[in-house]
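Engineer: Let me begin by handing over the structure; questions about it come next.
The values are calculated or read from the model by the stated rules, or taken from the named source; none is laboratory data. The shown structure was predicted, so the numbers you read here are calculated from the model rather than taken from an experiment. Neighbour counts are summed over all protein chains in view; Cβ atoms, including those assigned to glycine, are modelled from backbone coordinates with ideal geometry.
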Amino acid sequence: MTRIGLIILCISLSIQSIRAQIIDREQIGKSVSIQRLPKDTTAINNPPTLENGGKLIEFLSAETYNVKKMDSMDYLVFVGHVKIRQGKTLLYGDSLILNTTKNTLEGFGHIHINDADSVDTYSDYLKYLGATKKAFLRKKVKLTDGKGILTTDSLDYDVNTKIGVFKKGGKLVRNKTVLTSKEGMYYGETRDVIFRNKVELHDVDNQIITDTLEYNTYSQLANFISPSKIITGSRTITTSNGNFNTGLKQGYLYERSEIDDSTYHFIADEMAVDDSVGTGEFKGNAIYRSKDTLGFDLMANNIKTNKVKSVLFATEHPLLLIKQKDDTLYIAADTLHTGKISDLSKPIPKARDSAGKIVDTTLNKYFEAYHHVRIYSDSLQAKSDSLFYSLNDSTIRLLSDPIVWANDNQITGDTIYLFVKNKKPEQLHVFENAFAFNKIDTTAFFNQLKGNRLNAWFENGSIAKMITKGNAENIYFALDTKKNFIGINHSNAQMIEITFENNEPAKVIFRNQLIGNMTPIGQTPKADLLIRGFKWLDHLRPKSKLDLSPNYH
């Protein structure tokens, strides 16, 4: 029997005809029967090339081989641990059939394509076009790039471009992340996979549902290019444009994406979320709507959040809406933020006896606003340089040049505390340099009250009673039943109490060290018509919610 010492089979990748060479050191037979080869055939270190520089297919090893000719086609049949090479691509299988005439290959059983040590593809069946280096893999197909494993029943893979396409369903597994879809395309150069048609991603924390998704197996970055939902526990993100890194737990979302959670709803032009530390940033007409018992909304062009500490930090025209049944309280400032009272570095000064240890966790919250604070509601308006609102004692603290307006009344002082009950004004305390003015209808006259401290009580949003203590001074315009002026009462006392009816002073009581007189209005000097320090500041008063923020224009 003829002994074959060294066999080199070269099949050209070009469109030229393929030459198959079987070199026998002793002789070349005209026909070759089935031959047994060594299990470890030595590979050719420098494979031959055609003159045009095209790489050849090299036969490396097999247990047996056979040469056949059928229907004017030449075939090489290799059986048993077959291994061949084309350039940097290695191909393995239980059996391979080379059509040297058409430059095609079919493989059966344990097919394995190793593409330049970067991408490995496995299947039970393979059809390979040598001229174009396109592989058609069927049955139990698996592709891996060292990070992710893609499985499907049918994959068309281009070895030149490293692009694989599946159209009969596929699944990608990357650590604990699993993606499935009906169709998809894998890009070996970039490690991107584009999933289409009923796409779902599942990992330990998230579930993503969409129609088209781009996923990178190395960076674990998922890009959204169609309407998508990202579900994390009770939170659902809805977006059409953005990305989310399942490894880093970070995402960037655009085009008015939305977040809906059990306790809030968020919408903004742009969003950045970092679930690894529980932070986020929201830009461009950002709107936060709470779902807790307080019921508040926060609007701004920039809102930063910290979920762990329950912090919202709003800048760029922020506006806070504290919702009530019949009247919403609007608060605007240069900066607004909210957080937990228990996280404050210093305790809040006690405002009233009802405040104490926080038992209800929903009351462990504060709102702080500073610089150019404006407040508007139908029944009350205010202005100050800073504000602090504690839910635990239901007290709004107005600091630095505060002004409060209620109907035709204006109240000022160094510091003002507004006590709230059921989100409506209940009491008001003014500390130092207290002034209260009441405009008399459409006239240019004002009832006036001055003292060191001043307290006011509200009923249904209107002032019902007012008391001032310490060097109290009062100018009161007395009217008859037809609301004609009778005279002017100018009095001083240690304490002055005024009762209101229909938003107008109805009764005045003076206590301790009363000094005063009544003069006809026509005989009263103009200088005596106003208390020293009088300032009517109605031009600073917000007339509507539109005055508070450009977000409403």
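Engineer: Taking the range 381-401, which residues are more than 16 Å from residue 336 (Cα to Cα), buried (at least 19 other Cβ atoms within 10 Å of the Cβ) and of a type in the set (S, T, N, Q)?
Structural biologist: Answer for the range 381-401, where residues must be more than 16 Å from residue 336 (Cα to Cα), buried (at least 19 other Cβ atoms within 10 Å of the Cβ) and of a type in the set (S, T, N, Q): 381, 392, 394, 395.
Engineer: With at pLDDT below 90 and either among the small types (Gly, Ala, Ser) or assigned to a strand (DSSP E or B) (or both) as the only criterion, which of 486, 475 stands out? Write out each step before concluding.
Structural biologist: Values: 475 fails: at pLDDT below 90.
The conditions single out 486.
Engineer: Here's something else I'd like to know. Here is a list: 544, 491, 549. Which entry is among the hydroxyl-bearing types (Ser, Thr, Tyr), under 25 Å from residue 331 (Cβ atoms) and crowded, with 16+ Cβ neighbours inside 10 Å? Break it down into steps so the answer makes sense when it comes.
Structural biologist: Numbers: 544 fails: crowded, with 16+ Cβ neighbours inside 10 Å; 491 fails: under 25 Å from residue 331 (Cβ atoms).
Exactly one residue qualifies, and that residue is 549.
Engineer: Counting only residues that are closer than 26 Å to residue 164 by Cα, give me the strands (runs of 3 or more DSSP E) lying completely in the range 181-287 with at least 1 of them.
Structural biologist: On the way: elements: 183-187, 192-202, 207-216, 221-224, 228-232, 235-239, 241-245, 250-254, 257-260, 264-268, 270-274.
Once the strands (runs of 3 or more DSSP E) in the range 181-287 are filtered for at least 1 residues that are closer than 26 Å to residue 164 by Cα, what remains is 183-187, 192-202, 207-216, 221-224, 228-232, 241-245.
Engineer: Could you check the range 255-273 and list, in sequence order, the residues that are under 27 Å from residue 174 (Cβ atoms) and surrounded by 17 or more Cβ atoms within 10 Å (Cβ to Cβ)?
Structural biologist: Residues satisfying the conditions are 257, 259, 271, 273.
Engineer: Also, quick follow-up: Give the residue, chosen from 215, 187, that is in contact with an Asp or Glu (Cβ under 8 Å, 6 or more places away or on another chain) and more than 28 Å from residue 312 (Cβ to Cβ). Outline the logic, then answer.
Structural biologist: Working: 187 fails: in contact with an Asp or Glu (Cβ under 8 Å, 6 or more places away or on another chain).
Just one listed residue meets the conditions, 215.
Engineer: For the list (1) surrounded by fewer than 15 Cβ atoms within 10 Å (Cβ to Cβ); (2) over 30 Å from residue 332 (Cβ atoms); (3) in contact (Cβ under 8 Å) with a residue 60 or more places away in the chain, I need the number of the one condition that residue 503 fails.
Structural biologist: Answer for residue 503: the failing condition is (2).
Engineer: Give the residues of the range 182-204 that are more than 21 Å from residue 113 (Cβ to Cβ) and either more than 25 Å from the chain's Cα centre (by Cα) or surrounded by fewer than 14 Cβ atoms within 10 Å (Cβ to Cβ) (or both), sorted by residue number.
Structural biologist: Selection gives 182, 183, 197, 198, 204.
Engineer: Answer yes if at least one residue in the range 171-180 is surrounded by fewer than 17 Cβ atoms within 10 Å (Cβ to Cβ), more than 21 Å from residue 211 (Cα to Cα) and of a type in the set (Lys, Arg), and no otherwise.
Structural biologist: yes
Engineer: Give me the pairs, please: first residue somewhere in the range 410-427 and closer than 14 Å to residue 322 by Cβ, second residue anywhere and of a type in the set (Asp, Glu) and part of a strand (DSSP E or B), beta-carbon distance under 8 Å, and either six or more positions apart or on two chains.
Structural biologist: Note: pairs meeting the criteria are 420/426.
Each row is one residue, and each column tells you yes or no for (1) basic (Lys, Arg); (2) outside any loop (DSSP other than H, G, I, E, B); (3) buried (at least 23 other Cβ atoms within 10 Å of the Cβ); (4) more than 44 Å from the chain's Cα centre (by Cα).
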residue: 96; (1), (2), (3), (4): no, yes, yes, yes
residue: 108; (1), (2), (3), (4): no, yes, no, yes
residue: 126; (1), (2), (3), (4): no, yes, yes, yes
residue: 147; (1), (2), (3), (4): yes, no, no, no
residue: 165; (1), (2), (3), (4): no, yes, no, no
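Engineer: Across the range 187-234, what is the total count of residues that are among the polar types (S, T, N, Q) and more than 23 Å from residue 255 (Cα to Cα)? Outline the logic, then answer.
Structural biologist: Residues of the range 187-234 among the polar types (S, T, N, Q): 190, 197, 206-207, 210, 212, 216-217, 219-220, 223, 226, 228, 232, 234.
When the remaining residues are screened for being more than 23 Å from residue 255 (Cα to Cα), the result is 190, 217, 219.
The total comes to 3.
Engineer: Then there's this: Answer yes or no: is there a residue in the range 467-483 that is in contact (Cβ under 8 Å) with a residue 12 or more places away in the chain, more than 30 Å from residue 297 (Cβ to Cβ) and touching a Ser or Thr at 6+ places or on another chain (Cβ under 7 Å).
Structural biologist: yes
Engineer: Also, quick follow-up: When the range 399-454 is examined, which residues are found to be among the β-branched types (Val, Ile, Thr) and either assigned to a strand (DSSP E or B) or under 16 Å from residue 382 (Cα atoms) (or both)?
Structural biologist: If the condition is that a residue be among the β-branched types (Val, Ile, Thr) and either assigned to a strand (DSSP E or B) or under 16 Å from residue 382 (Cα atoms) (or both), then 403, 404, 411, 412, 415, 416, 420, 430 are the ones that fit.
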